[in-house]
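Since the structure comes first, as structure tokens, the remarks are kept for the end.
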Amino acid sequence: MNKTLRILYRGSLSSCNYGCTYCPFAKHNETAAEHRADDRALKRFVAWVAEESTARPIGILFTPWGEALHHRRYQQAFRDLTQLAHVEKVAIQTNLACRFDWLAACDVQKVALWATFHPTETTRAAFIGQVLAARAQGAAVSVGVVGLREHAEEIEKLRAELPDDLYLWINAYKRVEGYYSAELFNHFTQIDPLFPLNTLRHPSAGYWCDAGENAISIDALGDMRRCHFIREPLANIYRDDWRAALQPRTCTNATCGCHIGYVHLPHLNQSAIYGDQILERIPVIARDDLRVEIPVVSAYVA
Ligand code: SF4
Ligand code: SF4
């Protein structure tokens, strides 16, 4: 069996139904014309995936610059993509503020939701209700939060109230050096044993990376890049022999600090943790057995 090609799709959508202060994007209100353009690009991408049925199995993670799942076009994309035999999985980063009736039309075994809790935008009870509703319909769910100091208590309560078998990840806030006290760092590590790995910007220049060979990012125009963090396109999936561009390469960036990037660095051995659930960020090993095997000296821990 050929290795799965993991595709991160990011269209032109850049709006959100929430307004988190720490949000690096989603400050835009789309016009009707912009919505139509995102719709056209998404449909074109879905049609392209449908045609790519002969070579490798495909896994897709939508990484919108905003919230996509309350838009019917993305629900429709889930329905169409999950029905394709060569598509193994369709995942999305979402705040879960949507209905789930559309899941009934999907092959739900292939649906995975990477769900982020935003404590300033919704209540813990409402968010957990959405998590349980999505799971009850058969979707796989991973849950996470941004590890802001002021949300520590809320994060602890979230962990306590979520089902035990549900992994809760904490993304480190990496905009202020020394942001975490040693005490808070340890506290978050108790909640998410993999948190220390996320507090690092991993040195990556010159290291082999799976991105560009077994994982690619695709934008609204069909430009294909290794990942979201290296701007130079490798090819265009609608124009070029894009498969010829899938090659092993070393990273040209100095560091890689985002989960959706560094999981592709073979020397970090993240496939041992996530197995075939790497796109949706759900470890395949029990929480008690999760640990970070590399030394962690983080600039973000005082
Ligand atoms: S839910 Fe996500 S995309 Fe929306 S404002 Fe918050 S951080 Fe930004
Ligand atoms: S290490 Fe990160 S930045 Fe470098 S190629 Fe891989 S995913 Fe991209």
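The values are calculated or read from the model by the stated rules, or taken from the named source; none is laboratory data. As the structure is a prediction and not an experimental result, all values here were calculated from the model. So basically every Cβ, Gly included, is an ideal-geometry build from the backbone, and we count neighbours across all protein chains shown. Accessible surface areas use protein heavy atoms only, side chains included; no ligands, DNA or RNA. Shrake-Rupley method; radii C 1.70, N 1.55, O 1.52, S 1.80 Å.
How about region 78-119: which trypsin sites (Lys or Arg not before Pro) there lie in a loop by DSSP and see at most 15 other Cβ atoms within 10 Å?
Numbers: sites: R79, K89, R99, K110; in loops: R99.
Those that pass, being in a loop and sparsely packed, are R99.
Filter the chymotrypsin sites (Phe, Trp or Tyr not before Pro) in region 1-78 to those in DSSP coil with at most 13 other Cβ atoms within 10 Å of their Cβ, and list the result. Don't jump to the answer; show the numbers that get you there.
Values: sites: Y9, Y18, Y22, F25, F45, W48, F62, W65, Y74, F78; in loops: Y18, Y22, F25, W65.
Answer in residue order: Y22, F25.
Given a 1.4 Å probe, how much area per residue of the chain is accessible, in Å²?
Working: 13670 Å² over 302 residues.
Here the residues of the chain average 45 Å² of exposed surface.
Lysine pairs in the chain 8 or more apart or on different chains: how many have alpha carbons under 20 angstrom apart? Each step should come with its number before you reach the end.
On the way: K3/K89; K3/K110; K43/K89; K43/K110; K89/K110.
For the chain, the number of qualifying lysine pairs is 5.
Let me know the shape class of region 249-302, please: from the alpha-carbon gyration tensor, a ≥ b ≥ c as square roots of the eigenvalues, rounded when a/c is under 1.5, otherwise prolate if a/b is greater than b/c, or oblate.
On the way: a/c = 2.05, a/b = 1.20, b/c = 1.70.
Note, shape of region 249-302 comes out oblate.
Just how many % of Cα pairs in region 106-226 lie over 19 Å apart, if you round to the nearest whole percent? Walk me through the numbers on the way to the answer.
Details: 4306 of 7260 pairs.
The proportion of pairs with Cα distances above 19 Å equals 59 percent.
Take the alpha carbon atoms of region 1-160, find their radius of gyration, then divide it by 2.2 N^0.38 Å using N residues; give the quotient.
Here the Cα radius of gyration is 1.07 times the empirical estimate.
Once each part is reduced to its C-alpha centroid, what is the distance from region 261-282 to region 69-137 in angstrom?
21
Under a Cβ-only charge scheme (Lys and Arg +1, Asp and Glu -1), can you give me the dipole magnitude of region 2-67 about the Cα centre, in debye to the nearest 20? Numbers along the way, then the final one.
Details: 9 positive and 7 negative charges, 51 e Å.
In total the dipole reaches around 240 debye.
Ignoring any ligand, DNA or RNA, what whole percent of the accessible area of region 1-95 comes from carbon and sulfur when the probe is 1.4 angstrom?
Working: 2230 of 4350 Å².
Summing carbon and sulfur atoms, their accessible area is 51 percent of the total for region 1-95.
Would you be so kind as to identify all helices of the chain, as entire DSSP H runs, whose Cα atoms reach 24 Å or more along the helix's own axis and whose mean Kyte-Doolittle hydropathy is at least -1.0?
Working: long enough: 32-51 (29 Å, -0.48).
Helices meeting the criterion: 32-51.
Can you pull the semi-axes for the chain, root of five times each eigenvalue of the Cα gyration tensor, sorted largest first, whole Å? Before the final figure, lay out each step's value.
Details: eigenvalues 164, 114, 70 Å².
Taking √(5λ) for each Cα gyration eigenvalue gives 29, 24, 19 Å.
Grab every C-alpha pair in region 1-85, bin the distances at 10 angstrom width from 0 up to the longest one, and report whole percents.
16, 46, 27, 10, 1
Select from region 248-302 those trypsin sites (Lys or Arg not before Pro) which occupy a DSSP coil region and have at most 15 other Cβ atoms within 10 Å, ordered by residue number. Spell out each step's value before the answer.
Details: sites: R249, R281, R287, R291; in loops: R281, R291.
Those that pass, being in a loop and sparsely packed, are R291.
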